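Enquirer: Dropping the structure in here first, questions after.
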Amino acid sequence: MRIISIANQKGGCGKTTTSINLAAALAANNRKVLLIDLDPQAHATSGLNIKADLSIYNVLSKIAHKKCQLEEIIQNLGENFDIAPSSLILSTLEQELSGEIGRESRLRDILTTFKNNYDYILIDCPPNLGILTINAIRSASEIIIPVEASRFSLEGLSQLTSIVNLVRERLNHEVDFRVLVTNFDSRLQHSFKMLEKIKTDYQNKMFSNIIHVNVKLKEAQNEGLHVFTYDKYCRGAKDYFSLSREIITQEIQPAVQVTEKTLEKRMNEILKETLPKLNEITLKVNAPGAKEVYLAGEFNNWKLDENSRMEQNNGCWSKSLNLNNGKYRYRFVIDGNWTEDPNNPAKQLNPYGAMDSLLEVTK
């Protein structure tokens, strides 16, 4: 399970928009997601038309009139997508926790004992650097910092990274952060200048995807919907879907031991011998400058792991599969970038506006 906090003390940077739509995009990629609204303004809660008598305050507070477990307040928003709502009373928690020992770890302690099967927990933080934001940073192993391409956003980014370093030093908690450029207006030359400035300062800490200005994102929020329900073919939906795929590529874990790889190879050989009814298909792509290439599709539930890693020979990457007869969508992932097969003219539009390559297997 990956816990990711989405934080920036500057308002209007797309923090809540990112929390809602990234969660929806990950859910659309067959990942089970819980969105925790930790902002007393409850913008994520209201932005998804959630009405709740109980909120995350009832979970975190020790003096709440009705004390709850986290699982008791969770509401379902659709397939693979749940939310733990917030409320205005959460603003009183900072004062309540001010004199308590271990106040920085209140949320972390709850998530540690939380029985769940989520692939991702996203935490939408309040627009300040108070105790709630510290709790979110302490609970997470990763932080997404949404920033606009503007000077004031860069100043706020510097303050937040200082807090991240402080948490690392004072609480001995390692947390990684990455910068996400949001509200990017490609019509303005100033936007490109600021984007280059961000790249210079945070070149190794940036997402390759950026979120462009798109009115559909605001319209969806006004309707109490995420963008994939409101208009899944708009620019905003495509941007967040691409961002989710970039995050999913980070799920890859190297094999722990060489013996495991050897065992896996032998198991595949046995399967190949005992399942002659399957068809062996080899897919190839030329990517001479790539460091790593994966093959993902309906045949492996779009997962990126050691089983989907392609092998390279003089810049040509290949992967053999044993498949039943049928039609399969697939894509290559070249150094984290998802792309269709350039050598396959058979393509099909996926539900999110991008093209998947189409493979038809027959005897």
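We did not get these values from a lab; they are worked out from the coordinates using the rules stated. All values reported here derive from a predicted model rather than from experimental measurement. With ideal geometry, Cβ positions are generated from the backbone for all residues, glycine too; neighbour counts draw on all protein chains shown.
Enquirer: Please report how far the C-alpha centroid of region 117-179 lies from that of region 1-79, rounded to the nearest whole angstrom.
Expert: 16
Enquirer: Which residues among region 120-158 fall inside the zone where the amide N is under 20 Å from a point 7 Å beyond the Cα of residue 168, along Cα→Cβ?
Expert: 129-130, 133-147, 154-158
Enquirer: In whole angstrom, how long is each semi-axis of the equivalent ellipsoid of the chain, when you take the square root of 5 times every eigenvalue of its Cα gyration tensor and sort them from largest down?
Expert: So the three semi-axes of the chain are 38, 24, 21 Å.
Enquirer: Something else about it: Out of region 155-227, which trypsin sites (Lys or Arg not before Pro) are coil in DSSP terms and have no more than 16 other C-beta atoms within 10 Å? Can you show the working numbers first?
Expert: Details: sites: 168, 170, 178, 187, 193, 197, 199, 205, 216, 218; in loops: 187, 205.
Here the trypsin sites (Lys or Arg not before Pro) that fit, given the DSSP loop and packing criteria, are 187, 205.
Enquirer: Pull out the extension gain between residue 349 and residue 158, defined as 0.36 nm times the separation in residues minus the alpha carbon to alpha carbon distance; nm, one decimal.
Expert: Taking 0.36 nm per residue and subtracting the Cα distance, the gain is 64.7 nm.
Enquirer: While we're looking at this one, here's another question. Sort 32-41, 130-139, 97-106 for me by packing, meaning the mean count of neighbouring Cβ atoms within 10 Å per residue, highest on top.
Expert: Ranked by mean Cβ neighbours within 10 Å, highest first: 32-41, 130-139, 97-106.
Enquirer: Let me ask something additional. Can you list the residues, at least 5 places off or on another chain, whose amide H is less than 5 Å from the amide H of residue 212, using H built in the peptide plane?
Expert: Amide H neighbours of residue 212: 184.
Enquirer: Something else: When every alpha-carbon pair in region 34-176 is counted, what percent end up more than 21 Å apart?
Expert: That fraction is 44 percent.
Enquirer: Separation between the residue 337 and residue 204 pseudo-spin-labels, each 7 Å from Cα along Cα→Cβ, expressed in nm?
Expert: In this crude spin-label approximation the distance works out to 2.2 nm.
Enquirer: Sort the following peptides by mean Cβ neighbour count (other Cβ atoms within 10 Å, averaged over residues), highest first: 223-229, 321-327, 57-63.
Expert: Final packing ranking: 223-229, 57-63, 321-327.
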